[in-house]
């Protein structure tokens, strides 16, 4: 799925592999994140974004929801780079308590973020500091990533620098 208007809800191979491997929450010490088996259907994505923002006019066309944390915060691929393929779009998070932010500049960097021990919730709510590598997720990132390996802190810093107004733009959509 490379087009915003595409109806293909299959996860890209890298995310499908992460979903198969799973992410260990490790009794509160790991990554609080569960991938869906497929992107949410368009109607469901629109409904969830309308609920999150309180904006009944919003549609979910710019987002492909693909996972959530234990409290219901949503991870999505956001079509923030019009005309570019899905794998080159940023990954964002919208928390259950209204927090939101860019997590990674593309799917490949998102794999490195997970490999370094951080998921969407941790990156947006708490930030990232020391690496907490996960062997299985590192092997998966090594197999699929097209960007160089970098620590989660660098990935988060780069993504936020490229999309500095994401949180404010989302806040502006809220009613």
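Before moving on, here are some points about what is shown:
- Taking the criterion of being modelled with pLDDT of 75 or more, out of contact with any strand residue (DSSP E or B) (no Cβ under 8 Å at 6 or more places or on another chain) and part of a loop (DSSP other than H, G, I, E, B), the residues of the stretch 23-42 that qualify are 31, 32, 37, 41.
- Residue in the stretch 153-162 that is under 22 Å from residue 31 (Cα atoms) and not in a helix (DSSP H, G or I) present: no
- Picking from residues in the stretch 126-148 that are buried (at least 16 other Cβ atoms within 10 Å of the Cβ) and at pLDDT 90 or above, the one that is nearest to residue 33 (Cα to Cα) is 137.
- Number of the exception - residue 82 against (1) within 21 Å of residue 169 (Cα to Cα); (2) modelled with pLDDT under 95; (3) touching a helix residue (DSSP H, G or I) at 6+ places or on another chain (Cβ under 9 Å): (3)
- Hits in the stretch 36-72 - residues which are under 15 Å from the mean Cα position of the chain (by Cα), touching a residue at least 40 places away in the same chain (Cβ under 8 Å) and within 25 Å of residue 13 (Cβ to Cβ): 62, 64, 66, 67, 69
- Total residues in the stretch 163-175, condition crowded, with 16+ Cβ neighbours inside 10 Å and part of a helix (DSSP H, G or I): 3
- Selection status of residue 19, closer than 27 Å to residue 133 by Cα, out of contact with any helix residue (DSSP H, G or I) (no Cβ under 9 Å at 6 or more places or on another chain), surrounded by fewer than 21 Cβ atoms within 10 Å (Cβ to Cβ) and touching a residue at least 12 places away in the same chain (Cβ under 8 Å): yes
- Looking at the stretch 57-104, the strands (runs of 3 or more DSSP E) lying wholly inside it that each contain 1 or more residues that are more than 15 Å from residue 159 (Cα to Cα) sit at 63-68, 74-78, 91-94.
- The lone exception for residue 128 - which of (1) outside any strand (DSSP E or B); (2) within 19 Å of residue 156 (Cα to Cα); (3) in contact (Cβ under 8 Å) with a residue 40 or more places away in the chain it fails: (3)
- Filter result (under 14 Å from residue 95 (Cα atoms) and surrounded by 22 or more Cβ atoms within 10 Å (Cβ to Cβ)) within the stretch 67-80: 67, 68, 69, 73, 74, 75, 76
The values are calculated or read from the model by the stated rules, or taken from the named source; none is laboratory data. This one's a predicted model, so the numbers in the text were calculated from it and none came from an experiment. Backbone-built Cβ (ideal geometry, glycine too); neighbour counts: all protein chains shown.
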